[in-house]
Each structure stands twice: as structure tokens, then as C-alpha cells.
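Trainee: Input: one structure, supplied below.
The values are calculated or read from the model by the stated rules, or taken from the named source; none is laboratory data. Only a predicted model underlies this, so the values are computations on that prediction, with no experimental measurement involved. Cβ atoms come from the backbone with ideal geometry, glycine included; neighbour counts cover every protein chain shown. Accessible surface areas use protein heavy atoms only, side chains included; no ligands, DNA or RNA. Shrake-Rupley method; radii C 1.70, N 1.55, O 1.52, S 1.80 Å.
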Amino acid sequence: MADTAPTARPRSPLADAAPRLAAVTRSSKGALRLAELPFLAQVNVRLDAKSPAADAVGPALGLPLPLEPDTVVHAGEVTAVWLGPDEWLVVGRPGTERDLERRIRTAAGDEPAAVTDVSAQRTTLLVGGPRARDLLAHGCALDLHPRAFGPGRCAQTTLARTQVVLVARDETRAGFWVLVRSSFAGYLVDWLLDAAVEHV
């Protein structure tokens, strides 16, 4: 017998915050851009960076896995974020998590590797605009000056006492991704909106 139960549409952790984020973006007149990027595919990869698996995974994704600490590599719609000497987060457009996971597993073959879909664990906030660095610096201890944290850099850090993965996008004007656990996303948005008042 066919399953005729209606399928619920997924709801992002910050769906209710979208109007408030858009309002700050409008009121800042371009100084800030705040938005959720919901449902990005996120696949955690752990393997030996010097193994044949690491050599094979890069070409399978169309980009090299970054080997320098706290760096990011972009190619097309795929981003690889360095999390540790043997750990990366591969980010892609929504709905591609199974394809990414399959490509990574196939490339790794029989080599030791752990590949885990963590897409539901976090959501992503876009913080952009000329005042983006000022806003983030209000609650982050990192030096966010472009010389220290320019395009292609990332860090696991705290923002407003919340654990996040912070990614500087590939162009300075593209801003930052803030990857935050879904359970803390509402709190972080409230903090960002409150802090944004001082920067618009």
C-alpha cells in the first residue's frame, strides 16, 4: 500500500527571523547585509591528509582539500573548510549532501575515512556589507582585519559566547558565513540584531 501521508516541508531554524534580518539589511542602507542561508549541504570528512584518500577526494570534489590551517578552498558551488589536520567540512548547495557524501566515499575507496552528513546540525548566517567586520568584532576575539582574516580564511571560534565556524568568503565584499548549531541560532540572531543597532 502506498504511503499517502503528506510530507512536511522542511523548516529552517531561523525561518521566523527572516523579516527581522531583512529589516536590518534595509535600514542599514547597504552597510550590513544579514540573511540565513538555510539547508546548505554540510559533510564532515576525517582522513589522513597524507593518504591516497586525501589525494583522491580533492579531484572528486573539483577542488583540493585545504592543508594550511584555518583556510578555505572554493570551486563552483563547493567549499572545503579546514577544521583540523585530518578534518574538513565540505559545504555545497542545498540538497547535495548525499551526492557529496557518495563522491567522497567513492574517492576514498578502502582507505580509512569517516564521512558524515552533518547538514542538520548547523545553519548558516550570511553577514556582509562594509560594516560586517565591525559587527562581528563586537562579539568575537579574533583579529578580523583583512590582513589577518581575509578571503579564504576560516576559524572555529566563539561569537557572542556561541561556538561557530567563521568563514571569510572569497571576496572581501562577499562578507562572512557564520555556521552555528541550530539550537543556538535564535540566540545568535537576537545578539546580531541587537549589536547591529550600533553599526547602522
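Trainee: Hey, got the dipole for region 89-200? About the Cα centre, +1 on K and R Cβ, -1 on D and E Cβ, debye to the nearest 20?
Mentor: Working: 14 positive and 13 negative charges, 26 e Å.
Here the size comes out at about 120 debye.
Trainee: Right, next: Starting from 0.36 nm per residue, how many nanometres of slack lie between Ala120 and Leu67 once their C-alpha separation is accounted for? Walk me through the numbers on the way to the answer.
Mentor: Details: separation 53, 0.36 × 53 = 19.08 nm, distance 2.59 nm.
Answer, rounded to one decimal: 16.5 nm.
Trainee: Rounded to the nearest percent, how much of the accessible area of the chain (1.4 Å probe, protein heavy atoms only) is carbon and sulfur? Working shown, then result.
Mentor: Working: 5480 of 10560 Å².
Answer for the chain: carbon and sulfur cover 52 percent of the accessible area.
Trainee: Continuing with this model, one more query. Just need the relative contact order of region 41-117 here, percent rounded to a whole number, with Cα pairs under 8 Å and 6+ apart. Could you put the intermediate results ahead of the total?
Mentor: Details: 155 pairs, mean separation 33.2, N = 77.
Normalised by residue count, the contact order of region 41-117 is 43 percent.
Trainee: What is the distance in Å between the Cα centroid of region 138-164 and that of region 24-97?
Mentor: With region 138-164 and region 24-97 each reduced to a Cα centre, they are spaced 16 Å.
Trainee: For region 61-128, which GluC sites (Glu not before Pro) pass both filters: DSSP loop (anything but H, G, I, E, B) and at most 15 other C-beta atoms within 10 Å?
Mentor: Working: sites: Glu77, Glu87, Glu97, Glu101; in loops: Glu77.
The qualifying sites are Glu77.
Trainee: Let me ask you something else. For region 41-117, what is the accessible area per residue in Å², given a 1.4 Å probe and the full set of protein chains?
Mentor: Values: 3690 Å² over 77 residues.
For region 41-117, the per-residue accessible area is 48 Å².
Trainee: How are the C-alpha pair distances of the chain spread across 10 Å bins, as whole percents from the shortest bin up?
Mentor: 9, 34, 33, 17, 6, 1, 0
Trainee: Nothing charged except the Cβ atoms of Lys and Arg (+1) and of Asp and Glu (-1): what's the magnitude of the dipole of the chain about its Cα centre? Round to the nearest 20 debye.
Mentor: Details: 22 positive and 23 negative charges, 141 e Å.
Taking the Cα centre of the chain as origin, the dipole is about 680 debye.
Trainee: Rounded to the nearest 20 Debye, what is the dipole magnitude of region 41-117 about its Cα centre when Lys and Arg each give +1 and Asp and Glu each give -1 at the C-beta?
Mentor: Details: 7 positive and 13 negative charges, 45 e Å.
Dipole about the Cα centre, nearest 20: 220 debye.
Trainee: Less than 15 Å Cβ to Cβ from Val45, Lys/Arg counted +1 and Asp/Glu -1: what total charge do the surrounding residues give?
Mentor: Values: positive: Arg46, Lys50, Arg98, Arg102, Arg103, Arg105; negative: Asp48, Asp55, Asp86, Glu87, Glu97, Asp99, Glu101, Glu111, Asp117.
My count for the surroundings of Val45 gives -3.
Trainee: Moving on to the next point. Measure nothing fancy, just the Cα-based angle from helix 52-61's long axis to the longest principal axis of the chain, in degrees from 0 to 90, nearest 10.
Mentor: 60 degrees
Trainee: Determine the relative contact order of the chain: mean sequence separation of Cα pairs under 8 Å and six or more apart, normalised by residue count, in whole percent.
Mentor: Values: 389 pairs, mean separation 46.9, N = 200.
Relative contact order, the chain: 23 percent.
Trainee: Determine the gain in length on full extension of the stretch Lys29-Arg46; use 0.36 nm per residue of separation and subtract their C-alpha separation, reporting nm with one decimal. Could you put the intermediate results ahead of the total?
Mentor: On the way: separation 17, 0.36 × 17 = 6.12 nm, distance 4.22 nm.
Full-extension gain reported as 1.9 nm.
Trainee: Still on this structure: Could you compute the longest span of the chain free of trypsin sites (Lys or Arg not before Pro) located in DSSP loops and having at most 13 other Cβ atoms within 10 Å, not counting the site residues?
Mentor: Numbers: sites that count: Arg11, Lys29, Lys50, Arg147, Arg161.
Within the chain, the longest run free of exposed trypsin sites (Lys or Arg not before Pro) spans 51-146.
Trainee: Order Ser27, Ser119, most accessible first, counting only protein heavy atoms with a 1.4 angstrom probe. Could the numbers behind the result be given before it?
Mentor: On the way: Ser27 75, Ser119 20 Å².
Correct descending sequence by accessible area is Ser27, Ser119.
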